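The values are calculated or read from the model by the stated rules, or taken from the named source; none is laboratory data. Just so it is clear, the structure is predicted and the values come from calculations on it, not from any experiment. Because the Cβ atoms are built from the backbone with ideal geometry, glycine has one as well, and the counts that use them run over all protein chains shown. Surface areas here come from the heavy atoms of the whole protein model, side chains and all, with no ligands, DNA or RNA. Shrake-Rupley method; radii C 1.70, N 1.55, O 1.52, S 1.80 Å.
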Amino acid sequence: MFDHCLFFVLILEDDVDAGRECIIKGHHMYLNEDPKDLVHEYMNMTEANTLSAIERTMVGIYIAKETPGSNSSDVGVILEGVVVLRDLENVALATAMLFGFFTS
């Protein structure tokens, strides 16, 4: 079942990047996968705890925020427990870069 929160964000947000993120997560849900398997969000965690969680991730995108409502965040790509790209602008760009790694 689709998470209704995704659609509220898509409708209420006037931010193009938030809309793209919702579509990417929705596509993952359409494939009967949990969007949390692709996009890992880390909030209110120390850097050591965040790195420990990242090391347990094989493939994915991470978003590290200090607080749930903060606009500043670190978006990056994880491959085999290693951050290969960081400080990306948004989840859509991170997804494109991740697909680029898959095809190279």
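Filtering the range 54-104 to residues that are part of a loop (DSSP other than H, G, I, E, B) and in contact (Cβ under 8 Å) with a residue 60 or more places away in the chain leaves E89, N90.
Any idea which residue in the range 21-48 is nearest to L98 (Cα to Cα), counting only those that are of a type in the set (S, T, Y) and either open to solvent by 70 Å² or more (accessible area, probe 1.4 Å) or over 14 Å from the mean Cα position of the chain (by Cα) (or both)? Please lay out each step first, then the result.
Step one: list which residues in the range 21-48 are of a type in the set (S, T, Y), which gives 30, 42, 46.
Narrowing the set further to residues that are either open to solvent by 70 Å² or more (accessible area, probe 1.4 Å) or over 14 Å from the mean Cα position of the chain (by Cα) (or both) leaves 30, 46.
Details: Y30: 19, T46: 25 Å.
The residue in question is Y30.
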